[in-house]
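Novice: Sending over a structure as structure tokens; questions will come in a sec.
The values are calculated or read from the model by the stated rules, or taken from the named source; none is laboratory data. Computed from a predicted structure; not experimentally measured. Backbone-built Cβ (ideal geometry, glycine too); neighbour counts: all protein chains shown. For accessibility, only protein heavy atoms count, side chains too; no ligands or nucleic acids. Shrake-Rupley method; radii C 1.70, N 1.55, O 1.52, S 1.80 Å.
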Amino acid sequence: MVQPQENKLHQDLKGRHMQMIAIGGAIGAGLFVSSGGAFQTGGPASVLLGFMIIGTCIQFYLVMQALAELAVMYPINGAFTMYIVRFVDPSWGFACGWQYAISWLTVLPFEISAACNIIHYWPGSEGINNSAWIVPLLVALIVIQFFGVRGYGEVEFVLSIMKIIACMGFMVLGIIINCGGVPTDNRGYIGTRYWHSPYSAFLNGFHGFCTVFVTAAFAYTGTELTGLAAAESADPEKEIPKASKQVVWRIAIFYIVNLFLIGLIVPANSELYKQEGSTSRQSPFVIAIQLAGIKVLPSIFNAVILISVMSVANSCTFGSTRTMQALAANGMGPKLFTYIDKKGRPVSVIVLQLLFGCLAFVNLAPDGGEIFTWLLSLSGLSILFIYASISLAHIRFRNAWKHNGHSLDEIPFKAKFGVYGSYVCLIINILALVAQFYVALYPVGGPYLGAANFFKSYLAGPFLVFLYFIWKVYSWFKKPSDRPFFVALDKIDILTGLRVSIEDRRASMVDLPPPKPMTLQRRVRRILGNII
């Protein structure tokens, strides 16, 4: 079959789509539901500190900056997977890419099942078989895919606006609750009551902090989707840096301020965390509203959680399909996966992703939950490996760029903290992997040194190594150029996929006016512009 636009995705994403894709990918169940477990094991101070370190200060911002620099230079399909292949090692890129794709493949049926569970929050839904919810949710995802990347972008835009409104509304409500402004809340002024005896700001000491550290790393997953979206952005040089600056700070503010307020108004040992039924009943946001005695609003916030879960399900199809198509287009997957139709849709991998969504029906079986646990364990750590590998790819790119005699002035967008930020990010991700290894061996509350619990938490590590050796062994016989453990600096390709050629970039630099002096007023305006 002759493909009219083989391996060519349409560049239909606008700036507003890029902004909301990052927000939609990050603000979800990790904030609204999973953070409840972090409060119970680590306490409010550990949660605040862990999310600040991972989110604002180190990993989240630095990864996005490094990825933005590479994506502006090379807005290619597959983004960070191909950067790892090109700048680090093809075998490592193959392993990271397929594990990342598989993680999204397995997360989709999980999110659909989670949506069904959340629906059971409302009275009258308990007796209805989950098939009645799974089918329309899958149909909705199919309809979105029919409209291509523009449909995905528009849906994320709408859903993300809803989540932003919910986050901002809860900030206001949380302050009112803490100050004793809710008539139905008999606790009055709360202040920092739940940070002091008989409560504790730090639960389970360093052990508890490690669990929060890992939870925080996972909670920010999804912002890297802006890197994948670069190949389908109408103006990557303008929109990707803008997204990497503004969105990072917006999400960090939403996470940190909301979690700080939760730590003030919900005790970590609240009995409401042990409620039976829908998992959203254990959401610290829903619990905060219940403790204040506010009626109706818990149901409204449950709807927000449902929207968040469906937003992640929508992101699953984008993250997995673009990664698998890029791997296949570069000879690292079945040729069938390379096909893109006239509307820029990678049809074959979209069909595969939606077929994986049908695994949600497995959850109807008595042991379905256990099956999902093992499926998700294959990719549970994938984001830490991805973030570390993006940082390493950025370091290697900078070294290769310098090795070939090019200056930093020729790079259109430079990461704020340069290569040093990527070194810091790489170290932090390694420490997070060590912390997860420690928690997998010695989970809070036990049982310690249990093989089943360890592999449920850390199976992704051995799985990544397995994928790595698959391509390393294959390339040893079929692709001798991929045999080395690292791509040598003089072998790194820095020209293929450039958005603007080096010659054109140099020519445009000649006509640039000299930079204006950085006054205090301009600094303040730039900081506010990055946030607002």
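Novice: Compute the length gained on full extension between His196 and Met171: take 0.36 nm times their separation in residues and subtract their Cα-Cα distance, giving the result in nm to one decimal. Intermediate values should be presented prior to the final figure.
Specialist: Numbers: separation 25, 0.36 × 25 = 9.00 nm, distance 2.24 nm.
Gain on extension, His196 to Met171, equals 6.8 nm.
Novice: Then there's this: Any chance you could run the full-extension gain for Ala488 through His403? It's 0.36 nm times the residue separation minus the Cα-Cα distance, nm to one decimal.
Specialist: Length gained between Ala488 and His403: 29.5 nm.
Novice: Mind checking the per residue accessible area of the chain for me, 1.4 Å probe, whole number of Å²?
Specialist: Details: 22360 Å² over 532 residues.
It amounts to 42 Å² per residue over the chain.
Novice: Next question, about the same structure. Within 10 Å, count the other beta carbons around each residue, average over each peptide in 207-214, 190-197, 435-442, and list them highest first. Intermediate values should be presented prior to the final figure.
Specialist: Values: 207-214: 24.0, 190-197: 14.0, 435-442: 18.9.
Ranking the peptides 207-214, 190-197, 435-442 by packing returns 207-214, 435-442, 190-197.
Novice: Let me ask you something else. Any idea what the relative contact order of the range 178-232 is, in percent, if you count C-alpha pairs under 8 Å spaced at least 6 apart?
Specialist: 16
Novice: With just the Cα atoms of the range 126-262, tell me how far they stretch along each of the three principal axes, in Å, largest first.
Specialist: Here the Cα extents, ordered largest to smallest, are 55, 48, 34 Å.
Novice: Continuing with the same structure: Among Leu261, Ser91, Asn399, flag the residue with its Cα farthest along the positive direction of the charge dipole of the chain, charges on Cβ as +1 for Lys/Arg and -1 for Asp/Glu.
Specialist: Asn399
Novice: Also, I was wondering about something else. State the dimensionless ratio Rg/Rh of the range 285-380 (Rg: radius of gyration of Cα atoms; Rh: Kirkwood radius). Don't skip to the answer; put the middle values down first.
Specialist: Numbers: Rg = 18.7 Å, Rh = 16.3 Å.
Expressed as Rg/Rh, it is 1.14.
Novice: Along the charge dipole of the chain, which of Phe157, Gly208, Cys316 sits closest to the positive end, that is, farthest toward it, with unit charges on the beta carbon of Lys, Arg, Asp and Glu (+1, +1, -1, -1)?
Specialist: Of Phe157, Gly208, Cys316, it is Phe157.
Novice: What's the angle, to the nearest 10 degrees (0 to 90), between helix 131-146's Cα axis and the longest principal axis of the chain?
Specialist: Between helix and principal axis, roughly 30 degrees.
Novice: Can you list the HN-Hα couplings for the range 447-459, worked out from phi with the Karplus curve (6.51, -1.76, 1.60; θ = phi - 60°), rounded to whole Hz and with x for Gly and Pro?
Specialist: Here the 3J(HN,Hα) series is x, 7, 6, x, 4, 5, 5, 4, 6, 5, 8, 10, 5 Hz.
Novice: Taking 0.36 nm per residue of sequence separation and subtracting the Cα-Cα distance, how much length would be gained by fully extending the chain between Glu370 and Lys343, in nm to one decimal?
Specialist: So the extension gain works out to 5.8 nm.
Novice: Output needed for the range 239-316: three equivalent-ellipsoid semi-axes, defined as square roots of 5 times the C-alpha gyration tensor eigenvalues, in descending order, whole Å.
Specialist: Result for the range 239-316: semi-axes of 27, 17, 11 Å.
Novice: Using alpha-carbon pairs under 8 Å, 6+ residues apart, how would you state the relative contact order of the chain in percent?
Specialist: 32
Novice: Using the alpha-carbon atoms, what tilt in degrees (0 to 90, nearest 10) does helix 205-219 show relative to the longest principal axis of the chain?
Specialist: Approximately 60 degrees, to the nearest ten.
Novice: Taking Lys402 as the anchor, which lysines have their alpha carbon closer than 24 Å to its alpha carbon, excluding any fewer than eight residues away along the same chain?
Specialist: Of all the lysines, those that pass the test against Lys402 - Cα under 24 Å, at least 8 places apart if same chain - are Lys414, Lys416, Lys491.
Novice: Testing the spin-label approximation: label points 7 Å from Cα along Cα→Cβ at Cys358 and Val296. State their distance in nm.
Specialist: Here the answer is 4.3 nm between the modelled labels.
Novice: Right, another one. Less than 25 Å apart at the alpha-carbon level, and either on another chain or at least 8 residues along: which lysines does that give for Lys343?
Specialist: Within the straight-line cut-off, Lys343 pairs with Lys8, Lys14, Lys238, Lys335.
Novice: Here's something else I'd like to know. Taking the Cα atoms only, what angle lies between the long axis of helix 148-178 and the longest principal axis of the chain, rounded to 10 degrees?
Specialist: Rounded to the nearest ten degrees, it is 40.
Novice: Also: In the chain, carbon and sulfur make up what percent of the accessible area (probe 1.4 Å)?
Specialist: Of all accessible area on the chain, carbon and sulfur atoms account for 67 percent.
Novice: I would also like to ask the following. Return the Cα extents of the range 99-152 along principal axes one, two and three, sorted largest first, each rounded to a whole Å.
Specialist: 36, 27, 15
Novice: While we're here: Using θ = phi - 60° and the Karplus form 6.51 cos²θ - 1.76 cosθ + 1.60, what ³J(HN,Hα) does each residue of the range 102-118 get, whole Hz, x for Gly and Pro?
Specialist: So the Karplus estimates, Gly and Pro as x, are 5, 4, 6, 4, 7, 6, 4, x, 5, 5, 5, 5, 5, 4, 4, 5, 5 Hz.
Novice: No solvent, one uniform scatterer per C-alpha: report log10 I(q)/I(0) for the chain via the Debye equation at q = 0.08, 0.10 1/Å, two decimals.
Specialist: Log-scaled intensity ratios, in q order: -0.51, -0.81.
Novice: ³J(HN,Hα) across the range 460-474 via Karplus (A = 6.51, B = -1.76, C = 1.60, θ = phi - 60°), whole Hz, x for Gly/Pro?
Specialist: 4, x, x, 5, 5, 4, 4, 4, 4, 6, 4, 6, 5, 5, 4
Novice: Here's a follow-up. Is there a quick way to get the dipole size of the range 345-413? I mean about its Cα centre, with the Cβ of Lys and Arg at +1 and of Asp and Glu at -1; what is the value in debye to the nearest 20?
Specialist: 280
Novice: Additional query: Calculate the dipole size of the chain relative to its Cα centre from +1 charges on Lys and Arg beta carbons and -1 charges on Asp and Glu beta carbons; express the result in debye to the nearest 20.
Specialist: 1040
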